[in-house]
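Asker: The structure under discussion is supplied below as structure tokens; questions concerning it will follow.
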Amino acid sequence: MLPAGKDMAIQILDTHGRMVAATPQLVGKPPMATFRSTNSDVHAVRVLCPPTGLKGCMTVASYKVYQPDGPWLLYVAVPMVPWYGGATALFFAIGMSLLMTAMVAAGTFLLVNKDMTAVDAIRTELAEITATALDRRVPVAGDNQEEIKLLAETVNDTLDRLECAYRQLRQFTSDASHDLRSPLTAMRAQLEEALMHPQDTDWPKMTAAVLAGADRLQAIVTDLLTLARLDSRAPLNLSIIDLDELVGTELDRRTYRMTIVKDLQQNVFICCDRLRITRLLVNLLDNAERHATSQITVSVRADGPTATLEVLDDGAGIAVEHREMVFDRFTRLDASRNRDAGGTGLGLAIAREIAEAHLGTLTIQDSERGARFVLRLPLCEPSPVGDRSSHHAS
């Protein structure tokens, strides 16, 4: 209870509107007023006739007093008197203003100091995280510091993605080193043996073997450079292309050791980088040719707003649990789908990267036999004749 004041009534309410202290005439009574200052002001004044729990018309002032748990309200009621007759109220108001200012300053200091402590803890932890300690995370503040908590959670999510990307990079580097080292080791062994026994060496056969190893090295390096360009989000050279014409041209250009069945719907237009979509198609065809038994089926159609390209082989197929794994770089499956069957282990990874760069998808769907690769890309309206100019996009 606050000391009794002559002709003056005071109430202090916490953030929940509960009375914390009051002068004797207001103890146990509800708040004398319900108004409060706006967001931009710390006080407001109104004349109430009468304030709740009091008598007569009185001037009531409402003050915001900032505390660590939120703003408290201070209500001061004084009788309505001429301005020149309110010396006591004036002195009290001045004193309360000074008190309020001190309380606001103290509350602000506590809140800012608490927030800065949490931010400093985040900064310190980030400064200590290195490539050998990517499993560490910054501390998350309590619920009463919502902005700092959101900042810490965002930082930790970023660290999660960074750790995952770094782990994938290390695995990719290890696999790439192995795949580059294997043909180099074989070529070196063949050359050393030929030099040690030049008279017994079948030089044409040895030369052909070394050239095959060099071709494999060149293919791996080419695919690695392609992936590097895709990872760097190099701009696409976009133009409007008739997908059935692109696929038909590529199928007619190549020769195959098995039957090619074509089911190409006309006038399926997409906006794409022709060279990259052709590379995607070639990778799918190469993969199908390595694993097909006797036939490859290629189809193009429009499904609503989507252009769909399917490449289906009649080989052994891919188990459901491996359908995502085959798109990883340097994936190793069983012998029927091993990258050493003629590929570099990067073709399908490149194909999916190209699809995603065109805002599309590349997946493996169910089929009665073999592996069924399905590419889906957004359709686009064909340009007028003579106006299919290329443009760049990131």
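Asker: Scan the stretch 148-166 for residues that are under 15 Å from I122 (Cβ atoms) and free of Cβ contacts under 8 Å to residues at least 24 places away in the same chain and report the count.
Answerer: Summing the residues that are under 15 Å from I122 (Cβ atoms) and free of Cβ contacts under 8 Å to residues at least 24 places away in the same chain in the stretch 148-166 gives 7.
Asker: Are there any pairs, at least 6 apart or on different chains, whose C-beta atoms fall under 8 Å, with the first in the stretch 343-361 and closer than 14 Å to I277 by Cβ and the second of a type in the set (S, T, Y), and if so, which?
Answerer: Cβ pairs passing all conditions: I350/T226; A355/T361.
Asker: In the stretch 270-282, what residues are open to solvent by 10 Å² or more (accessible area, probe 1.4 Å) and either at positive phi or part of a strand (DSSP E or B) (or both)?
Answerer: C271, D273
Asker: Among R257, R188, which is the only one that is more than 30 Å from R369 (Cα to Cα) and open to solvent by 70 Å² or more (accessible area, probe 1.4 Å)?
Answerer: Exactly one residue qualifies, and that residue is R188.
Asker: Among what's in the stretch 305-331 and is open to solvent by 50 Å² or more (accessible area, probe 1.4 Å) and in contact with a Leu (Cβ under 8 Å, 6 or more places away or on another chain), pick the residue that is nearest to L346 (Cα to Cα).
Answerer: Among those residues, the one meeting the criterion is R329.
Asker: Considering only residues that are closer than 30 Å to V42 by Cα and either modelled with pLDDT under 65 or part of a helix (DSSP H, G or I) (or both), look in the stretch 115-142 and name the one that is most open to solvent (accessible area, probe 1.4 Å).
Answerer: Pass one, the stretch 115-142, residues closer than 30 Å to V42 by Cα: 115-119, 141-142.
The next check asks that each one be either modelled with pLDDT under 65 or part of a helix (DSSP H, G or I) (or both); those that pass are 115-119.
On the way: D115: 60, M116: 109, T117: 84, A118: 21, V119: 52 Å².
Going through the qualifying residues, I end up with M116.
Asker: Among the listed residues L217, L236, L225, L180, which satisfies the condition of being under 33 Å from the mean Cα position of the chain (by Cα), surrounded by 12 or more Cβ atoms within 10 Å (Cβ to Cβ) and within 22 Å of D328 (Cβ to Cβ)?
Answerer: L180
Asker: Using the structure shown, decide if L285 is at pLDDT below 90, within 22 Å of E356 (Cβ to Cβ) and assigned to a helix (DSSP H, G or I). Quick ask: steps written out before the conclusion?
Answerer: On the way: at pLDDT below 90: no; within 22 Å of E356 (Cβ to Cβ): yes; assigned to a helix (DSSP H, G or I): yes.
Considered against the rule, which asks whether it is at pLDDT below 90, within 22 Å of E356 (Cβ to Cβ) and assigned to a helix (DSSP H, G or I), L285 comes out as no.
Asker: Condition first: surrounded by 14 or more Cβ atoms within 10 Å (Cβ to Cβ), within 13 Å of M80 (Cβ to Cβ) and without any contact (Cβ under 8 Å) to a residue 60 or more places away in the chain. Can you find one or more residues in the stretch 23-40 that meet it?
Answerer: no
Asker: Additional query: Could you list, in sequence order, the residues of the stretch 295-324 that are part of a strand (DSSP E or B) and in contact with a Pro (Cβ under 7 Å, 6 or more places away or on another chain)? Full working, then the answer.
Answerer: Our first condition is that a residue be part of a strand (DSSP E or B); within the stretch 295-324, this holds for 295-303, 306-313.
Passing the criteria: only T306.
Asker: Strands (runs of 3 or more DSSP E) wholly in the stretch 1-114 with at least 2 residues that are closer than 30 Å to A141 by Cβ, modelled with pLDDT of 80 or more and of a type outside the set (K, R) - which ones?
Answerer: 9-13, 70-79
Asker: Restricting to the stretch 348-381, what's the tally of residues that are of a type outside the set (D, E, K, R), within 23 Å of E321 (Cβ to Cβ) and either open to solvent by less than 20 Å² (accessible area, probe 1.4 Å) or in contact with a Phe, Trp or Tyr (Cβ under 7 Å, 6 or more places away or on another chain) (or both)?
Answerer: Final tally of qualifying residues: 12.
The values are calculated or read from the model by the stated rules, or taken from the named source; none is laboratory data. As the structure is a computational prediction, the values presented were derived from the model and not from experiment. Using ideal geometry, Cβ is built from the backbone for each residue, glycine included, and neighbour counts are taken over all protein chains shown. When the accessible area is computed, the model is the full protein with side chains, heavy atoms only, and any ligands, DNA or RNA have been set aside. Shrake-Rupley method; radii C 1.70, N 1.55, O 1.52, S 1.80 Å.
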